[in-house]
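Trainee: One structure coming up, written as structure tokens, with questions to follow.
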Amino acid sequence: MKNCMLLLAGMVLLAGIASAQYHAPLYVAGGYGSTSTAYWNGFWLLDARNQSATHLTPNDRIYTSYNVQMDVDNRRLVFAPYGTTSSTYAPYVQSGIYRVDPATQSITTVLWDPMALYGPRRLLVNQDGDYVFACYQRVGSSYTRSFLKLTSAGTTLTTILDSTKLGTTISTDSGVGRNMDTGHYLFNVHNGSTYYYAVLDVAENGTFTTFGGGSGSANYGWYGLYTNMEQDRDSGHIVGMYSRVIYQLRKGDPKRTTLYNVGYPGGYTIYTYGSNFDLQTAPSKRIIGTGYYTSTNPTIYDPAIYQIDAGSPGYPVTAVNCDPTHALHNSGLTSYKYPYAQCIYRSRNIQPLKIAPKGWQLRFSCPDHPGKYYVAAISLSGYRPAVPLPDGRRIHLVPDRFTGPSLLGHLRPFFDPGPQQLDASGEAIGSLDLSLLPAIDQPMWIAMAVLDPAAPNGIAFLPDSYVFRIP
């Protein structure tokens, strides 16, 4: 164990300020559907460094979408807009799962189905590269709520959890996440009695236990429609922001608690229906919110980024106006920027993709570090407590007897870290080959680090670890 700790900590050469503590400050936000040009439509790329806002979907009108994620390739976006029977919105992109290519600003359809995919809610990309999402379905003249999975090719739609499997009616389905402790899904359900906005830990086959949230209005668990479900990597608690309030739901607790009311810092208006943790490997946790900025003129609503320091008392906020010249407002294109969905651009740094019954590509993507060498390692013992590094960063991987051999490439072909050098696009492909293993059904955690001897401490970039459930 001591040797494994030394190997893992040996990724760092010297103490110093990290060259890339957080993701590049590029964020995707949008999802509000309206026929009025007073509201922005579709998805926008917000650049907090250059203070700019770029419309990624200018050629299409999109109906309301409560979700947007980087796709498996960490280049395109995937989103699932709601549907409507109103003829007013008939020309809009709706009732399905779609991809956006930011390079061409084009939309392609994965699957359109106004019945089965009438009302998708939150969405995630799972460890096979497929899409798991909450959905409000039309069945004839009635409606039902389910948690569904669609293969990335759009060919197979299956039900993971519905009222029948749950044993009671689902009146609200919304949030979807991944439990870093188990590798199962986190699903947010509500029926007003048995499950009052509860969060369930759900296996691929639909079996489940309760993560948190209870019965009755006094035990309000989580409202995932308007708040993402991400865990604090150092505690395992779900932490997220809705509007101007940061909430927490601890495992086993009957209800959520309020961590902090951000309010209106400096006169800014924070208005967000979601949040994202930035890199949790950083010395201080940071929460990203999107919304609009009104401090310079209360009648002008510029798109904004809010970087919230969740590791310091008072949760100090850095607000960045992404249209300081009010170009969007002056053009009359849009005034109100209500973000129903957001994600950190090009942040899918580790992603498996199933290519065989027991085989996966292991895709590494660090686009800001082309040509750099990297190392990758696994653990079957957990991701917390993290391994502290001299510069304050943390590797969320508990070293065990598999960590050292995997770091040295000695577990091939079971765990193949790939060429250990990123290509000209900052990408590399390794593999997981489980064909010789019996059924195990347990989680495994994967971590990587991009190396650079010119960086102050030898590590140019340290992505968050990934949980993979070994079937």
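The values are calculated or read from the model by the stated rules, or taken from the named source; none is laboratory data. Please read all numbers here as calculations on a predicted model, not as lab measurements. Every residue, glycine as well, gets a Cβ built from its backbone with ideal geometry; the counts of neighbours run over all protein chains shown. Ligands, DNA and RNA are stripped out before the accessible areas are found, and what is left, the full protein with its side chains, is counted by its heavy atoms. Shrake-Rupley method; radii C 1.70, N 1.55, O 1.52, S 1.80 Å.
Trainee: Pull up segment 339-370, narrow it to residues that are of a type in the set (S, T, N, Q) and closer than 18 Å to A424 by Cα, then point me to the one that is most open to solvent (accessible area, probe 1.4 Å).
Mentor: Among them, the one singled out is S347.
Trainee: Moving on. Has segment 246-263 got at least one residue that is outside any loop (DSSP other than H, G, I, E, B) and closer than 19 Å to A134 by Cβ?
Mentor: Yes, segment 246-263 has at least one match.
Trainee: So which residues in segment 399-410 are outside any helix (DSSP H, G or I) and either buried (at least 19 other Cβ atoms within 10 Å of the Cβ) or under 27 Å from the mean Cα position of the chain (by Cα) (or both)?
Mentor: Filtering segment 399-410 for residues outside any helix (DSSP H, G or I) gives 399-402, 408-410.
Answer for segment 399-410, where residues must be outside any helix (DSSP H, G or I) and either buried (at least 19 other Cβ atoms within 10 Å of the Cβ) or under 27 Å from the mean Cα position of the chain (by Cα) (or both): P399, F402.
Trainee: I would also like to ask the following. Could you give me the residue pairs with C-beta distances under 6 Å whose first residue belongs to segment 243-256 and is among the acidic types (D, E), whose second residue is open to solvent by less than 50 Å² (accessible area, probe 1.4 Å) wherever it lies, and which are 6+ apart or on separate chains?
Mentor: Matching pairs, first to second residue: D253/G212.
Trainee: Considering every residue within segment 116-133, establish whether at least one is part of a strand (DSSP E or B), without any contact (Cβ under 8 Å) to a residue 40 or more places away in the chain and open to solvent by 20 Å² or more (accessible area, probe 1.4 Å).
Mentor: no
Trainee: Does at least one position in segment 95-108 carry a residue that is without any contact (Cβ under 8 Å) to a residue 12 or more places away in the chain and over 21 Å from T57 (Cα atoms)?
Mentor: To start, the set of residues in segment 95-108 that are without any contact (Cβ under 8 Å) to a residue 12 or more places away in the chain comprises 104, 108.
So of that shortlist, the ones also over 21 Å from T57 (Cα atoms) come out as none.
The answer is no; no qualifying residue exists.
Trainee: Restricting to segment 114-153, give me the number of residues that are of a type in the set (A, V, I, L, M), at pLDDT 95 or above and over 25 Å from R75 (Cβ atoms).
Mentor: Residues flagged as of a type in the set (A, V, I, L, M), at pLDDT 95 or above and over 25 Å from R75 (Cβ atoms) within segment 114-153 amount to 3.
Trainee: Filter segment 280-311 down to residues that are in contact with a Phe, Trp or Tyr (Cβ under 9 Å, 6 or more places away or on another chain) and either surrounded by fewer than 23 Cβ atoms within 10 Å (Cβ to Cβ) or not in a loop (DSSP other than H, G, I, E, B) (or both), then give me how many there are.
Mentor: 22
Trainee: In addition: Yes or no: segment 26-37 includes at least one residue that is open to solvent by 20 Å² or more (accessible area, probe 1.4 Å) and farther than 28 Å from Y136 by Cα.
Mentor: Within segment 26-37 (the criterion being open to solvent by 20 Å² or more (accessible area, probe 1.4 Å) and farther than 28 Å from Y136 by Cα), the answer is yes, since at least one residue qualifies.
Trainee: Would you check which residues across segment 371-393 are within 21 Å of the chain's Cα centre (by Cα) and surrounded by fewer than 21 Cβ atoms within 10 Å (Cβ to Cβ) and list them?
Mentor: Correct list: G382, R384, A386.
Trainee: Give the number of residues within segment 271-287 that are in contact with a Pro (Cβ under 9 Å, 6 or more places away or on another chain) and within 16 Å of G31 (Cβ to Cβ).
Mentor: 4
Trainee: At least 1 residues that are among the small types (G, A, S) and in contact (Cβ under 8 Å) with a residue 40 or more places away in the chain in each: list the strands (runs of 3 or more DSSP E) lying fully within segment 416-471 that qualify.
Mentor: Filter on segment 416-471 gives 427-433, 442-451, 459-461.
Trainee: Go through segment 425-471 and report how many residues are closer than 17 Å to D73 by Cα and among the polar types (S, T, N, Q).
Mentor: 2
Trainee: Which ranges mark the strands (runs of 3 or more DSSP E) fully within segment 136-213 that have 3 or more residues being open to solvent by 60 Å² or more (accessible area, probe 1.4 Å) and touching a residue at least 60 places away in the same chain (Cβ under 8 Å)?
Mentor: In segment 136-213, there are no strands (runs of 3 or more DSSP E) which contain 3 or more residues that are open to solvent by 60 Å² or more (accessible area, probe 1.4 Å) and touching a residue at least 60 places away in the same chain (Cβ under 8 Å).
Trainee: Let me ask you something else. May I ask you to list the residues in segment 312-338 that are surrounded by 14 or more Cβ atoms within 10 Å (Cβ to Cβ), assigned to a loop (DSSP other than H, G, I, E, B) and modelled with pLDDT under 90?
Mentor: L333, T334, S335, K337, Y338
Trainee: Right, V72: more than 19 Å from S95 (Cα to Cα) and among the β-branched types (V, I, T) or not?
Mentor: Judged against the criteria, V72 is a match.
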